[in-house]
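This report concerns only the one structure given below.
The values are calculated or read from the model by the stated rules, or taken from the named source; none is laboratory data. Values in this document were obtained by computation on a predicted structure and should not be read as measured data. Here Cβ is always computed from backbone atoms with ideal geometry, including for glycine, and neighbour counts include all displayed protein chains.
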């Protein structure tokens, strides 16, 4: 075992799980596992976004009726359509961020080289990746408890 870490990430920002020097090994195997995803947080974000989307859809339907009867202007109705598009984007983003991406990067002479980007890591799933010997940096995006294990072969 070259490196082991368990880290709790408390924000929806890019967080580093670990950086280590693996240049003395002929092969490296990396395992990243999402142990726990704050399901309450996930549910809340998704639920709030869905509630806002549904509310905006109802508002736009009402505004369409008012526009068709000439009670409100086209500009006013267009503003409501823009609000609906924004609510849809917010909901789509909430769904997208439920399961975080993991990035694994090699560092060669200070230059970062992407070795893998893994989208939508789910609890109880692991990423297993063999990478060339180099300095390695592993980052995750999103709240949760992550476990990182690294093995090296001399």
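General remarks:
- Taking first residues from the stretch 66-88 that are on the phi < 0 side of the Ramachandran plot and partners that are outside any helix (DSSP H, G or I) and loosely packed, with under 14 Cβ neighbours inside 10 Å, the Cβ contacts under 9 Å between residues at least 6 apart in sequence or on separate chains come to 67/73.
- Once the stretch 9-24 is narrowed to residues that are outside any strand (DSSP E or B) and closer than 15 Å to residue 107 by Cα, the residue that is modelled with the lowest pLDDT is 22.
- The set of residues in the stretch 128-147 being crowded, with 21+ Cβ neighbours inside 10 Å and modelled with pLDDT of 75 or more consists of 136, 138, 146.
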